1. Convert 4 °C to kelvin, take the viscosity as 1.567 mPa s, use the Kirkwood radius over C-alpha pairs of region 131-255 as Rh, and evaluate the Stokes-Einstein diffusion coefficient in µm²/s, rounded to a whole number.
2. Using modelled amide H (1.01 Å from N, peptide plane; none on Pro or chain starts), what sits under 5 Å from the amide H of GLY112, excluding residues fewer than 5 places away?
3. Would you grab the residues whose amide H sits under 5 Å from the one on LYS214? Only those 5+ places off in sequence or on another chain, please, with H modelled 1.01 Å from N.
4. What list of ³J(HN,Hα) couplings, whole Hz, do you get for region 213-220 from phi and the Karplus terms 6.51, -1.76, 1.60, once you set θ to phi - 60° and write x for glycine and proline?
5. Once amide H atoms are placed 1.01 Å from N in the peptide plane, what residues at a sequence separation of 5 or more from THR203, or on another chain, have their amide H within under 5 Å of its amide H?
6. Given points 7 Å out from each Cα along the Cα-Cβ axis, report the TRP355 to ALA331 separation in nanometres with one decimal.
7. Where Lys and Arg each count +1 and Asp and Glu each count -1, what net charge lies around TYR337 among other residues with Cβ under 13 Å from its Cβ?
8. Using the Karplus equation 6.51 cos²θ - 1.76 cosθ + 1.60 (θ = phi - 60°), what ³J(HN,Hα) coupling, rounded to whole Hz, does each residue of region 350-357 give in order, writing x for Gly and Pro?
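Every number in this text was worked out from the coordinates using simple rules, so none of it is lab data. Everything numeric in this text was worked out from a predicted model, so none of it was measured. No Cβ is skipped: glycine too gets one built from the backbone with ideal geometry, and neighbour counts run over all protein chains shown.
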Amino acid sequence: AEFRRRRAGAAVGHAEVRQHAATVRLKCGGPVHTLGMDGRHVALSSGCTDSDSPTYYAGFASTDREKMCGPIFGPNGLVPLSDKDWFVDLGCGQGHTLVAALMAAPGCNVTGVELDTSNVAVARKAVETAAEAMENVHATVYQGNIDDCFVQHDDGEAGALSRAVALSRATVVYLFLCEWANLKLRPRLLEVLPVGARIMTRTFRMGEDWPADKESLGSDGRTLFRLYHVTSDAKTDERLLSDAELKRRFGIHWVQPPPRNYVEGSVRTAVAKSTAPRPSTGSKASIPARAVSMATRGRVELWQRALEVGGVQATVQPLLGWSLVAAAISAWLLVVYMTLVAEFMPRAGIAVLDWMHDDTYFCHLLPM
């Protein structure tokens, strides 16, 4: 509206409008809309001040706690929680995953970090209600940027969020961001998390170079969760600590998530290359954890891609490109043969080849 007023003022020569026009504030990237309780989309407020330029690692998408309580956080789930765990959700949204963690382990330390102020208010209310019902005094939601969680602890006020979240003490870190964000955070998480900690992601991998140790479906049978163990080998693996994969797949010029970051590289995920043991289909542990077969995982990821990006363009485009290259080369060879070679070849008794030999008008060039 301010832009239209300024343009109208310039058109009619109103100098006072041009002189006193207010500065137009723009928010680039980050969450734009969220789904309200009634199913309608409502606008989100900015989660930063005028002087901040945080990275919006992902837009807002909620996770129903019913999807996670049993098959994910339950005793036989993907990540069984206990009262001794320190659970951290980076980008906790409206706190549904934090509440699910509290329901699974009422005595565990639960911490959430969220940038958007409106989501923080909702998450704090939900977590406080759940914590009060379960008499948990170790449940907190902080408003801030995920990057600030990795600031050195001795950096005074700048390291306040890092000291509060205390990733160095975390035993479980949950991420529902995107693969670009996971690759951005991967080396920093490996640097700060202790050996034995677990990283759980929803939908998106921690990159192609780090195979998931285990996968499981939520209670809806569609939502895919992955588990990664922080080991001493992973903390010293140069491939995981470098940004080579991030540059190879997304380039180096993105300071916010690129448009294609919600498309995984291939339907063939890290589990196909993982050597971690899988429970047998007949074991009791596999029933609650919903062990994922190769075929089911492929269908799940195709369904999620169709929901999130409207198709599987990343897989189709290279195939289409090489098909066009092959077709162009074949057409060129056919034209060369019919124009030059066929005139010098003897008649072979084959109708098509003889027609090429007798075609002195180069009729094949017409469709070309």
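1. Details: Rh = 15.9 Å.
After rounding, the answer is 81 µm²/s.
2. ASP89, THR140, VAL141, TYR142
3. LEU227
4. Computed from phi, the couplings for region 213-220 are 6, 7, 10, 7, 9, x, 5, 7 Hz.
5. LEU224, PHE225, ARG226
6. 1.9
7. After counting each charged neighbour, the total is -2.
8. 3J(HN,Hα) across region 350-357, in whole Hz: 9, 4, 5, 5, 5, 5, 5, 5.
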